[in-house]
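Working notes, beginning with the structure itself.
The values are calculated or read from the model by the stated rules, or taken from the named source; none is laboratory data. Being a predicted model, the structure only gives us computed values, none of them experimental. Positions of Cβ are generated from backbone atoms using ideal geometry, with glycine treated the same way; all protein chains shown enter the neighbour counts.
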Amino acid sequence: MRGYYYDQQAGAPSPPPRTPPPPRRPGRRRGGLAAVLLMLLFSALLVGAGALLGLWEGSAPEALFRDEPSFRAPYSQETEVPQPAETTVERAPTGDGTTLTISPLPDGEAHSLQEIYQECIDSIVSIRGYLDSGMNLGTGVILSADGYIITNSHVIEGSSRLEVVLQDERVFDALLVGRDVPSDLAVLKIDCDGLSPAQFGDSSLLVVGDPVVAIGNPLGEELRGTMTDGIISAINRDVNVDGYTMSLLQTTAALNSGNSGGALINDHGQVVGITNLKMEGYDSTVEGLGFAIPTTTVKEVVDALIAYGQVENRPTIGITGYTVTAEMAAGFDGPQGVAVQTVREGSDAQMQGILPGDIIVEANGETITTMEQLQALKDSMSVGDVLSLRIWRSGHYLERDVTLVDQYTLDE
């Protein structure tokens, strides 16, 4: 599960200039049950592997709900910034007509916790992602009786081979149907019939206070099939992780590394979300702050992945970034705006010479002070449109025209 750090350090002193501060997805967790996370990636990495920076320009990961501002300069052009690990899993055919069905809320009384567990546990699987130097462990949810599995994109990132472990302990090699980094969703396919697909409910019917449970594999396969209960504590919570903004369900149900890709379930046994994030504190315990991708988003993305292998017509600048607040800017004598954290290879941003450490202060004539502003402007445009940027670099202002490209072309 991704962790995303809730920075509670008080009175952090200003570090030396050019100290990188970026909000980011954490590196994956190392070591079986050791709970060390930085924006807790639900996937449990046993050994090695680099972190994915996934948000090309959204608000998907700013160090969320930060208590104290961080007075740090953005990346300098000399700073080496990690790039996403390549995912080389063999691809499955697409376009067989399978879609995710959202069922209406059933009539009748709520189910007991025992009933929900018995109804849903066979629809929950374990995911193993084999890396060059270790393994990612996560959770998945069965979509169809013939072997479609939903999980998180970050669970399989950097993998060369995937396995799915069923509740009866049968193990199957899995092919990758498609993955979508901005929504943190992926679809796998195994060669198996007679599976027990989950029933998916309508997340738009949820209200704060509704009871829910989460089923997954916290801390890996040692605690496989763990169920925790809680409530929906917020709806449509915008969370910025590595530059992508995701609108998520917030829950008090306990989530831990390894729960990524698991099920958030309503009191009628319907999956209403795919768990993917937890908030972590640097120097104190933060409990009851977990997040899940709502099924309204899951259906849209999963249907596109099964049909085409990617989500198309999603414009992107090709950068990751984060907001530079007035307090942060004062720490390095620069402007407010959006600091560029990474630049994707193959993007027009790279071609036009945008560099990590640049601060975007204006776009299409509009003053830019937050990542959300830049994201909203980009989202109002189409693939192929040109975004005119004014950037600050080491005390000088530069102009750059960047053509928006389709997000999936940078994730391949």
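Taking the stated definitions as given, is GLY209 in contact with a strand residue (DSSP E or B) (Cβ under 6 Å, 6 or more places away or on another chain), more than 20 Å from ILE306 (Cα to Cα), at pLDDT 95 or above and outside any strand (DSSP E or B)? Against the criterion (in contact with a strand residue (DSSP E or B) (Cβ under 6 Å, 6 or more places away or on another chain), more than 20 Å from ILE306 (Cα to Cα), at pLDDT 95 or above and outside any strand (DSSP E or B)), GLY209 qualifies. Scanning segment 314-337 for residues that are part of a strand (DSSP E or B) and within 20 Å of the chain's Cα centre (by Cα) returns PRO315, THR316, ILE319, THR320, GLY321, TYR322, THR323.
When segment 268-304 is filtered for residues that are at pLDDT 95 or above, more than 21 Å from VAL177 (Cα to Cα) and surrounded by fewer than 19 Cβ atoms within 10 Å (Cβ to Cβ), nothing remains. Selection of segment 136-171 for residues being without any contact (Cβ under 8 Å) to a residue 24 or more places away in the chain and part of a strand (DSSP E or B) yields only VAL171.
Pairing residues of segment 221-250 that are in contact (Cβ under 8 Å) with a residue 24 or more places away in the chain and farther than 17 Å from ILE293 by Cβ with residues that are among the hydroxyl-bearing types (Ser, Thr, Tyr) and surrounded by fewer than 19 Cβ atoms within 10 Å (Cβ to Cβ), at Cβ distances under 8 Å and at least 6 apart in sequence or on separate chains, gives MET227/TYR117.
Pairs meeting the criteria (first residue in segment 196-211 and within 22 Å of ILE121 (Cβ to Cβ) and in contact (Cβ under 8 Å) with a residue 40 or more places away in the chain, second residue surrounded by fewer than 17 Cβ atoms within 10 Å (Cβ to Cβ) and among the charged types (D, E, K, R), beta carbons under 6 Å, at least 6 apart or on different chains) are SER196/ASP122.
Rundown of residues vs (1) under 21 Å from the mean Cα position of the chain (by Cα); (2) modelled with pLDDT under 95; (3) aliphatic (A, V, I, L, M); (4) surrounded by fewer than 19 Cβ atoms within 10 Å (Cβ to Cβ), yes/no style:
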| residue | (1), (2), (3), (4) |
| --- | --- |
| ALA145 | no, no, yes, yes |
| ILE149 | yes, no, yes, no |
| ILE156 | yes, no, yes, no |
| SER160 | yes, no, no, yes |
| ASP173 | no, no, no, yes |
| LEU176 | yes, no, yes, no |
| SER183 | yes, yes, no, no |
| ASP191 | no, no, no, yes |
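Annotation note: Cβ proximity below 7 Å between a residue of segment 252-266 that is in contact (Cβ under 8 Å) with a residue 24 or more places away in the chain and part of a loop (DSSP other than H, G, I, E, B) and a residue that is among the acidic types (Asp, Glu) and surrounded by fewer than 24 Cβ atoms within 10 Å (Cβ to Cβ) (sequence gap 6+ or interchain) occurs for ALA253/ASP229; ASN266/ASP210.
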